[in-house]
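First the structure, in the form of C-alpha cells, and then the observations on it.
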Amino acid sequence: TAGVFVATIFMDERLSAVGTVVRLGALLFGSIFVLASVLAWVAAGRVLQPLRTLTETAESIGESDWSRRIPVQGDDEIAVLSRTFNSMLDRLEATFATQRRFLDDAGHELRTPITVIRGNLEVMGDDPAERGQTIELVTDELDRMTRIVDDLLDLAKAEQADFLHLEPVNLAEFTREAATKGESLGNRPWPVDEVAEVGLLADRHRLTQAILNLMRNALEHTPPGTPVSLGSRLTGDTARIWVTDHGPGIPEKERDRLFERFARAGTDRGSGGGAGLGLAIVKSIAEAHGGQVELTTSADTGSTFTLVIPVRR
C-alpha cells in the first residue's frame, strides 16, 4: 500500500519568540550604548573642564590682574598641570609686582632731586660764584639720586633667588671688622660689647651692608660724639648681631612702619637726609637669610637694632 507521510512545523511561534529576543536585545544594547555615551560625555567633560578653566584663566590674565588661579582637585595629571600653572602665575605675579614697585618707588623718590636740579639750572646766572654753588648743589643731588637707585636695585634683587652668595663667615672677626669700618663713618667711639666665636654660612657682603646701614642710621639720629656700640652673640642656633645707639629713642607710633620703604623717623631723632630705604634693605637682607630684625628702643637708653640670623654651618 503506497502513502505519504507529511511533517509540518509551524514557525510563527518560534519566529515570534526570536523577534521578541531580538527586540529586547536591541533595546538593551541600545540603552547600554546611550548610557555609555552619556557617561563618556560626562566623564570627558569633567576631564576637560580643568583644561577649559586653564584656557579661560590664561585668556583672562592681563597686566592689571594676576590674582586668578585654577582650582586643584585630585592628584592626577590634570591636577599636576594645574599646580604647575598656578606656580608659574605666582612667580609671574611676584615678578611684575617687583617691577611695578620698583618703578613706583623710583618715580616717587627721584622726582624731588630732578625738580631741584632742573630749578637750579634754569635760574643759574653767569656769576662764577653762583655757578659754582649751583654745580655743587647739582652734584650733591646727583649723588643722592645714585644712592637711591642703588638702594632700590638692592631691594629689587632681594626678592630674587640669587640675592645671596653664601660663604663661611667667622662672626667674631666680622663684628670686629664692622667696628673698624665704623671709624671711617664718623669720628666717635665704636665700642664692641661682646663677640661670638662661631662660624656660620652667610653672605658676608650683604651682612656688612646691613650692619653699615644700621651704623649710618645711628650716626644720623644721635648727637656728635655719642658712642655707638656693636656686638654679636650666639643664642641656641641663632646668631644675633646688634648696633646700639644712645639717642632719644623712637616714638611708639613710628615703630610699626619703621622698616617700610621711604619711612623716616620723626624729627625728634635728628635730621637725617636719607631716602628712608636703609632699614628696608636691612630687613630684606635678614629675611633673605631666613631671619629677622628686632628693635628695642627707649627714650632713656636709646635704640638697639638686632639682626637675628639662623646659624647654618
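The values are calculated or read from the model by the stated rules, or taken from the named source; none is laboratory data. A quick note: this is a predicted structure, and the numbers were derived from the prediction, not measured. Every residue, glycine as well, gets a Cβ built from its backbone with ideal geometry; the counts of neighbours run over all protein chains shown. Each accessible area value is taken on the protein alone, full model and side chains, heavy atoms only, with ligands, DNA and RNA left out. Shrake-Rupley method; radii C 1.70, N 1.55, O 1.52, S 1.80 Å.
Here are the numbers:
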{"item": "Gaussian network model of the chain, springs between alpha carbon atoms under 10 Å - residue of F85, F163, F96 with greatest fluctuation", "result": "F85"}
{"item": "I78, I148, ranked by accessible area, largest first (probe 1.4 Å)", "result": "I78, I148"}
{"item": "Helix-derived mean residue ellipticity, 222 nm - over the chain, DSSP H n ≥ 4, -39500 (n - 2.57), to 500", "result": "-19500 deg cm²/dmol"}
{"item": "Under 14 Å, Cβ to Cβ, from V293 - net charge with Lys/Arg +1 and Asp/Glu -1", "result": "+1"}
{"item": "Average accessible surface area per residue within the range 1-82, 1.4 Å rolling probe, Å²", "result": "85 Å²"}
{"item": "Projected area, mean over directions - the range 212-260, Cα convex hull, nm²", "result": "4.5 nm²"}
{"item": "Segment H165-T235, length gained on full extension (0.36 nm per residue, minus Cα span)", "result": "22.8 nm"}
{"item": "Total formal charge among the other residues, if their Cβ is under 13 angstrom from that of R188, Lys/Arg +1 and Asp/Glu -1", "result": "-2"}
{"item": "Where only C-alpha atoms are counted, convex hull volume of the chain per residue in Å³", "result": "288 Å³"}
{"item": "S303, S67, S298, ranked by accessible area, largest first (probe 1.4 Å)", "result": "S67, S298, S303"}
{"item": "Candidate lysines for bridging to K157, where Cα separation is under 27 Å - those fewer than 8 sequence places away on the same chain excluded", "result": "K181, K283"}
{"item": "DSSP-loop chymotrypsin sites (Phe, Trp or Tyr not before Pro) across the range 174-264, with at most 14 other Cβ within 10 angstrom", "result": "F262"}
{"item": "Inter-centroid distance (Cα atoms) of the range 1-71 relative to the range 129-155, Å", "result": "78 Å"}
{"item": "Where the Cα pairs of the range 1-148 fall when distances are cut into 5 Å bins, in %", "result": "1, 7, 8, 8, 6, 6, 5, 5, 5, 5, 5, 5, 4, 4, 3, 3, 2, 2, 2, 2, 2, 2, 1, 1, 1, 1, 1, 1, 0, 0, 0, 0, 0"}
{"item": "Principal axis dimensions, the range 128-183 - Cα atoms, whole angstrom, descending", "result": "54, 32, 10"}
